[in-house]
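The values are calculated or read from the model by the stated rules, or taken from the named source; none is laboratory data. It should be emphasised that the depicted structure is a prediction, and the values quoted were computed from it without experimental measurement. Here the Cβ is made from the backbone with ideal geometry for all residues, glycine too, and neighbour counts use every protein chain on show.
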Amino acid sequence: MPEILIISGKGGTGKTSLTGALAHLAQNKVICDLDVDAPDLHLLLQPQARQIHQFYSGNEAIIGPELCTSCGLCQEKCRFEAIVEGADAFRVDPLKCEGCKLCVTLCPAEAIEFPQRHCGTWQISDTRMGPMVHAQLFPGQENSGRLVALLRQQARELSDENGYELILSDGPPGIGCPVISSLSGTDLAVVVTEPTPSGRHDLERVVELCRHFKVPAGVIINKYDLNPDQGQDIAGYCAREGLELLAQLPFDPAMVQAMVQGKVITEYQQNGLTEELARAWEKIIQMAGRKKAA
Amino acid sequence: MILAIASGKGGTGKTTVSASLASVWPGPALAVDLDVEEPNLHLFLHPEIAGAEKAYMEVPLADESKCTACGACSEICQFKAISLLGDVLITFPEMCHGCGACLEVCPAGALTPDRRELGEVSWGQAGKIGFLMGKLRVGEAMSPPLMRSVRGKMAQMQAQSGADVIVDCPPGVSCPAVNAVMGSDMILLVTEPTPFGLYDFRLAHQAFAPMNKPMAAVINRAGLGDDGVRQYCRRHNLPILAEIPFDRQVAQAYSQGQVVAQASPAMKVAFEDLAAQIRCLASGDAEAEKEAHHA
């Protein structure tokens, strides 16, 4: 069963709105929100939780103030500037601690505990468009890459057990840890861009990342009519780079109106834009199938 | 002062607001792009780059001839970056967080510091605005270490110039975003008045509120969605310092790489007013507040 990932590099190009619409068009699939940091897809799909799980990952150092002798060794050795000197004892800034255990190991007073870190929650839910796997990382946490990997694992299991035919995932912005975790080993990346200098710049970086991980990519130019020249330019770039141009969608305020009503655009209206999306979906399925067959 | 321009949701206009504020800032300004995964500020400020250097992180290099296969390094490593396969020590430098724990505990002196390239830090000048950015190497997973390098350079440049610093932060509320906001004196959250905008705005507000810094909001694309963000700000006493109307002209100016504050006289005035309000909120200074009202 192919895994299809929607990404963009730049935020706010329309990933989630388009993922919602594609989820509406797709049959027999598992939907996945891999933007565990700032997830939004649930606002369109209103999932009803089937199971809710806690996500623990890594550990964090906590100094016991009654045992701390204020020798300062932990502060000297910490590479993350996570140890703060207090009046009576040292303490760990949880936002800076990376959980490397060095201070725990070195502390001569054995004053530092190292409990597991509770980083967020994840759940399997039902939506009107099928089952959905999603999560919420707590603010300031790391390990988003591990949570993404866990969600993908859950989506694959759900799919294998119930015979779903594909996994459709909304990805995080950027090109760092959670994006790499979303992308590696996926069958197809759909990159959503917009005709702006930022959209273009970030498209190129995310395409480079897809190549790095040998994931084939197709491109959707969203809001192309905001700057048709820049849109043409991006289309030219796609042709030169051998990237399939899946769709060019006009700016349409109905996208936001649909969102306000908790609907996806293909539920909200039928027009040229939604027809273009339906054609894009056919191409996506073909591309993902080709990749799987090869 | 250091002003962090942040948002939960991506694409709400952080870069637009950062570039615009820098362009109208009364007094010396240093514009810093800490969104190292997808830095965009330079696309609007068009700085002349005066210098650049690669940033690295320390990772361990194993000397097999000295390794006694005691396993102390693989036992302490929390990131699966070094492991003992039988008697052979294998390192995975891409997984390393650079904590130095393995080097610290190795009793045989078999590990020495090597380095992994994180990306590039570059700096220069855009007219009278100082400029600094970090750019993550494509394929590198960790952005906070590179952000630490950028912040180091930022402290140096700020000390030299005495400029106010405007920081364009990465989206989200996980470690990179919190890292970017942490050292600032004031946080400006840029959002859009849509359900996605509100949801992520709330996440950002909850993530940053415990830092006890002055915080305020700018609503971009005002008029586009619904009233949720405004209601939320009212309930939480979060001042809305500016609303940038949704306007095809603004969107088009941005799409052409223009600084929005320079796209029309009205926009320029709006951002000058925003800058004045920020300065008085950040300083908590009554005199500055009076000035802002006159402006």
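Residues of segment A:62-79 being in contact (Cβ under 8 Å) with a residue 40 or more places away in the chain and among the polar types (S, T, N, Q), which ones? Residue satisfying the conditions is A:69 alone. If you take the residues in segment B:14-29 that are in contact with a Ser or Thr (Cβ under 8 Å, 6 or more places away or on another chain) and crowded, with 24+ Cβ neighbours inside 10 Å, which one is nearest to the other protein chains (Cβ to nearest Cβ)? By that ranking, first place goes to B:15. The condition of being crowded, with 24+ Cβ neighbours inside 10 Å and away from chain B (no Cβ under 14 Å) holds for only one of A:144, A:169, that being A:169. The sole residue among B:245, B:176, B:210, B:193 that is of a type outside the set (A, V, I, L, M, F, W, C) and modelled with pLDDT of 95 or more is B:193. Every condition in (1) within 12 Å of chain A (Cβ to nearest Cβ); (2) free of Cβ contacts under 8 Å to residues at least 60 places away in the same chain; (3) surrounded by fewer than 24 Cβ atoms within 10 Å (Cβ to Cβ) holds for residue B:99 except the one numbered (3). Within segment A:56-71, not a single residue is facing chain B (nearest Cβ under 9 Å) and aromatic (Phe, Trp, Tyr). Criterion first (more than 13 Å from chain A (Cβ to nearest Cβ), in contact with a Ser or Thr (Cβ under 7 Å, 6 or more places away or on another chain) and of a type in the set (D, E, K, R)) does residue B:63 satisfy it? Yes, satisfied. Those helices (runs of 4 or more DSSP H) of segment A:177-242 in which at least 2 residues are without any contact (Cβ under 8 Å) to a residue 24 or more places away in the chain and within 12 Å of another protein chain (Cβ to nearest Cβ), considering only elements entirely within it, cover A:197-212.
Those strands (runs of 3 or more DSSP E) of segment A:52-142 in which 1 or more residues are over 24 Å from residue B:174 (Cβ atoms) and in the same structural domain as residue A:263 (by TED's automatic domain parsing) occupy A:116-127, A:130-137. Residue A:138 falls short on exactly one of the conditions (1) surrounded by fewer than 19 Cβ atoms within 10 Å (Cβ to Cβ); (2) over 28 Å from residue A:10 (Cα atoms), and that condition is (2).
Would you call residue B:159 more than 10 Å from chain A (Cβ to nearest Cβ), small (Gly, Ala, Ser), on the phi < 0 side of the Ramachandran plot and surrounded by fewer than 23 Cβ atoms within 10 Å (Cβ to Cβ)? Against the criterion (more than 10 Å from chain A (Cβ to nearest Cβ), small (Gly, Ala, Ser), on the phi < 0 side of the Ramachandran plot and surrounded by fewer than 23 Cβ atoms within 10 Å (Cβ to Cβ)), residue B:159 qualifies. Among the residues of segment B:254-269 satisfying the criterion of being surrounded by 20 or more Cβ atoms within 10 Å (Cβ to Cβ) and not polar (S, T, N, Q), which is nearest to the other protein chains (Cβ to nearest Cβ)? Among those that are surrounded by 20 or more Cβ atoms within 10 Å (Cβ to Cβ) and not polar (S, T, N, Q), it is B:254. On the basis of being over 20 Å from residue A:16 (Cβ atoms), surrounded by 18 or more Cβ atoms within 10 Å (Cβ to Cβ) and of a type outside the set (A, V, I, L, M, F, W, C), does residue A:117 make the cut? Taking the combined requirement at face value, the residue satisfies it.
Any residue at all in segment B:112-119 that's within 20 Å of residue B:40 (Cβ to Cβ) and either surrounded by fewer than 18 Cβ atoms within 10 Å (Cβ to Cβ) or not hydroxyl-bearing (Ser, Thr, Tyr) (or both)? Yes, because at least one residue in segment B:112-119 is within 20 Å of residue B:40 (Cβ to Cβ) and either surrounded by fewer than 18 Cβ atoms within 10 Å (Cβ to Cβ) or not hydroxyl-bearing (Ser, Thr, Tyr) (or both).
Tally the residues that are in contact (Cβ under 8 Å) with a residue 40 or more places away in the chain and surrounded by fewer than 20 Cβ atoms within 10 Å (Cβ to Cβ), restricting the search to segment A:244-262. Residues that pass the stated criteria total 2.
Restricting to segment B:8-32, give me the number of residues that are under 16 Å from residue B:272 (Cα atoms) and either assigned to a loop (DSSP other than H, G, I, E, B) or without any contact (Cβ under 8 Å) to a residue 60 or more places away in the chain (or both). Result for segment B:8-32: 4.
Annotation: residue A:109 fulfils all but one of (1) farther than 22 Å from residue A:214 by Cα; (2) more than 10 Å from every other protein chain (Cβ to nearest Cβ); (3) under 18 Å from the mean Cα position of the chain (by Cα); the unmet one is (3).
Counting just the residues of segment B:70-96 that are β-branched (Val, Ile, Thr) and away from chain A (no Cβ under 14 Å), which one comes out surrounded by the most Cβ atoms within 10 Å (Cβ to Cβ)? Result: B:91.
Does segment B:33-66 hold any residues that are charged (D, E, K, R) and not in a strand (DSSP E or B), and which are they?
Passing the criteria: B:35, B:37, B:38, B:63, B:64, B:66.
Screening the candidates A:159, A:169, A:198, A:181 for the property of being out of contact with any helix residue (DSSP H, G or I) (no Cβ under 7 Å at 6 or more places or on another chain) and hydroxyl-bearing (Ser, Thr, Tyr) yields one hit, A:159. Take residue A:273 and decide whether it is away from chain B (no Cβ under 14 Å), in contact (Cβ under 8 Å) with a residue 12 or more places away in the chain and either part of a helix (DSSP H, G or I) or not basic (Lys, Arg) (or both). So residue A:273 passes the test.
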